[in-house]
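The values are calculated or read from the model by the stated rules, or taken from the named source; none is laboratory data. Just so it is clear, the model here is predicted, and its values are computed rather than measured. No Cβ is skipped: glycine too gets one built from the backbone with ideal geometry, and neighbour counts run over all protein chains shown.
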């Protein structure tokens, strides 16, 4: 099950012609702390961590999303005799891409002899670290703390190293970082804290991505291969190793192009991979304006850098207008009069079809219940009308169920949606029996999720391994393939340290060996399934697990 989940029914595809995108380099920019127009933006692109640090040695503060900055400070309470604490923030582009250009607005300072702070850039596997690095005199600083976005606080690539020879061009960068650290055993802090600091006020990192997406599936169940009426649907699954899948573009019979954006992938980007690496997106094609007969849809999947891979053409057949089943007196009378019988009293081409809730959660083991009304534009109930219902299960093969329900004398209707997971429910109304649909209403019915995590064993010594067993409940067939983030508290905040995949029945596991724990410690863990584009649930978290570790010095 891909993290990108389509929300529509599938249309059977004819034999496909797979397109090959032209290999052209694309670029996209990732912003941190301040966006292109100066608005606050997250600093999630920078992965922060503290190493070899005891409590109080390193302080990491991230206020970028609320208009502040990202600060890493060396704040030791006293001299350090047995370790060299370091705090750092790293920006790494996705695999298969490189950093083509960057601008960083920062303030860096080192006020103690034994401490250093610096910005660092890597190219050709070599890291270049300047500014207040080891060897600088105390009191070293770069940038303007009072004006963090002025020109004196700005740094861009090749300021210090990697000068290109004529005609060679400039090398791409593999990653960026900034750090503060104690640089020798026996560090003595500054008289007043901090001993070293690095403050990021803004960054704009342009990533070069020249690899187009890959179309992995165009699918539709065999039951959908018959001629279609109303709205036809096609699922496109695409993957991308760079910036991720941003959108689909498609056209019918070579007509005007339409764009279907992947949810959550919006500029300005604040993540190195801003769009999902895999997405299944539904394309809805309204056949009401198409003549009966064969048609074709073609399009392309686009990644964050604008690289495109075409798909199609995919053929489908639009059915001629439906004829009501013979043998019914009303049908015969209507046919004799040159029309179809009315659907409901009073039938209306401009009817109002409403579901009371467009998004509905229900408990596991209980059906989701939907209610709605069908009225004329003036609010008069349409009684005894037949409504079509199409229920599509997300995940587990996108199974589709169809049924017919009716309205009561007050124009009310109700239906129960059974089963765990997420389902789209489309209710449709045609003003004449067997005629074209004029109104639709859609709802998303979901089972409430729960996430559990348990360690085995519950107490260990340094050098031993702990296996965490977890289960995601309520997602049904959509659970398989979902990503679970394993998080631990580092630097005073929850930090993702690994990602695992959920199995067929919602179970997952993760193991970790605690190698370098000298003193007794209490580690905190949790599991998180975040809300991402295409995943139809909000973020769900397990409870906090506190795991005592017995240090090796005992």
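Here residue 473 fits the description: touching a helix residue (DSSP H, G or I) at 6+ places or on another chain (Cβ under 9 Å) and outside the structural domain of residue 58 (by TED's automatic domain parsing).
So for segment 238-254 (the condition being at pLDDT below 85, buried (at least 23 other Cβ atoms within 10 Å of the Cβ) and either touching a helix residue (DSSP H, G or I) at 6+ places or on another chain (Cβ under 9 Å) or within 21 Å of residue 212 (Cα to Cα) (or both)), does at least one residue qualify?
Let us first name the residues in segment 238-254 that are at pLDDT below 85, namely none.
Among the residues of segment 238-254, not one is at pLDDT below 85, buried (at least 23 other Cβ atoms within 10 Å of the Cβ) and either touching a helix residue (DSSP H, G or I) at 6+ places or on another chain (Cβ under 9 Å) or within 21 Å of residue 212 (Cα to Cα) (or both), which makes the answer no.
Taking segment 265-297 as the range and being assigned to a strand (DSSP E or B), modelled with pLDDT under 90 and over 22 Å from residue 482 (Cα atoms) as the test, the residues that pass are 283, 284, 285, 286, 293, 294, 295, 296, 297.
Quick one: count up the residues across segment 428-467 that are in contact (Cβ under 8 Å) with a residue 24 or more places away in the chain, more than 24 Å from the chain's Cα centre (by Cα) and farther than 30 Å from residue 385 by Cα.
12
Is it the case that segment 468-480 has a residue that's over 23 Å from the mean Cα position of the chain (by Cα), surrounded by fewer than 19 Cβ atoms within 10 Å (Cβ to Cβ) and either over 22 Å from residue 527 (Cα atoms) or in contact (Cβ under 8 Å) with a residue 24 or more places away in the chain (or both)? Yes: segment 468-480 contains one or more residues that are over 23 Å from the mean Cα position of the chain (by Cα), surrounded by fewer than 19 Cβ atoms within 10 Å (Cβ to Cβ) and either over 22 Å from residue 527 (Cα atoms) or in contact (Cβ under 8 Å) with a residue 24 or more places away in the chain (or both).
Residues in segment 171-193 that are surrounded by fewer than 24 Cβ atoms within 10 Å (Cβ to Cβ), more than 37 Å from the chain's Cα centre (by Cα) and under 27 Å from residue 63 (Cα atoms): 189, 190, 191, 192, 193. Of the numbered criteria (1) exposed (fewer than 13 other Cβ atoms within 10 Å of the Cβ); (2) over 23 Å from the mean Cα position of the chain (by Cα), the one residue 550 fails is (1).
Would you mind stating whether residue 201 is at pLDDT 90 or above, over 30 Å from residue 439 (Cβ atoms), more than 20 Å from the chain's Cα centre (by Cα) and in a strand (DSSP E or B)? Spelling it out, residue 201 is indeed at pLDDT 90 or above, over 30 Å from residue 439 (Cβ atoms), more than 20 Å from the chain's Cα centre (by Cα) and in a strand (DSSP E or B).
The set of residues from segment 515-530 being under 31 Å from the mean Cα position of the chain (by Cα) and either closer than 15 Å to residue 466 by Cβ or exposed (fewer than 15 other Cβ atoms within 10 Å of the Cβ) (or both) comprises 523, 524, 525, 526, 527. Of all the listed residues (78, 4), the sole one being touching a strand residue (DSSP E or B) at 6+ places or on another chain (Cβ under 8 Å) and modelled with pLDDT under 85 is 4. With respect to the conditions (1) in the same structural domain as residue 538 (by TED's automatic domain parsing); (2) surrounded by fewer than 17 Cβ atoms within 10 Å (Cβ to Cβ); (3) in contact with a strand residue (DSSP E or B) (Cβ under 7 Å, 6 or more places away or on another chain), residue 442 falls short on a single one, namely (1). Of the listed requirements (1) buried (at least 20 other Cβ atoms within 10 Å of the Cβ); (2) under 32 Å from the mean Cα position of the chain (by Cα); (3) not in a strand (DSSP E or B), residue 71 misses just one: (3).
Kindly establish whether residue 302 is more than 22 Å from residue 394 (Cβ to Cβ), crowded, with 21+ Cβ neighbours inside 10 Å and modelled with pLDDT of 80 or more. Answer is yes for this residue. With respect to residue 365, determine if the residue is farther than 30 Å from residue 393 by Cβ and at pLDDT below 90. Taking the combined requirement at face value, the residue does not satisfy it. With respect to the stated conditions, residue 100 fails to be assigned to a loop (DSSP other than H, G, I, E, B), in the same structural domain as residue 153 (by TED's automatic domain parsing) and either touching a strand residue (DSSP E or B) at 6+ places or on another chain (Cβ under 7 Å) or closer than 25 Å to residue 143 by Cβ (or both).
Here residue 51 passes the criteria (1) under 12 Å from residue 180 (Cα atoms); (2) buried (at least 20 other Cβ atoms within 10 Å of the Cβ); (3) touching a strand residue (DSSP E or B) at 6+ places or on another chain (Cβ under 6 Å) except the one numbered (2).
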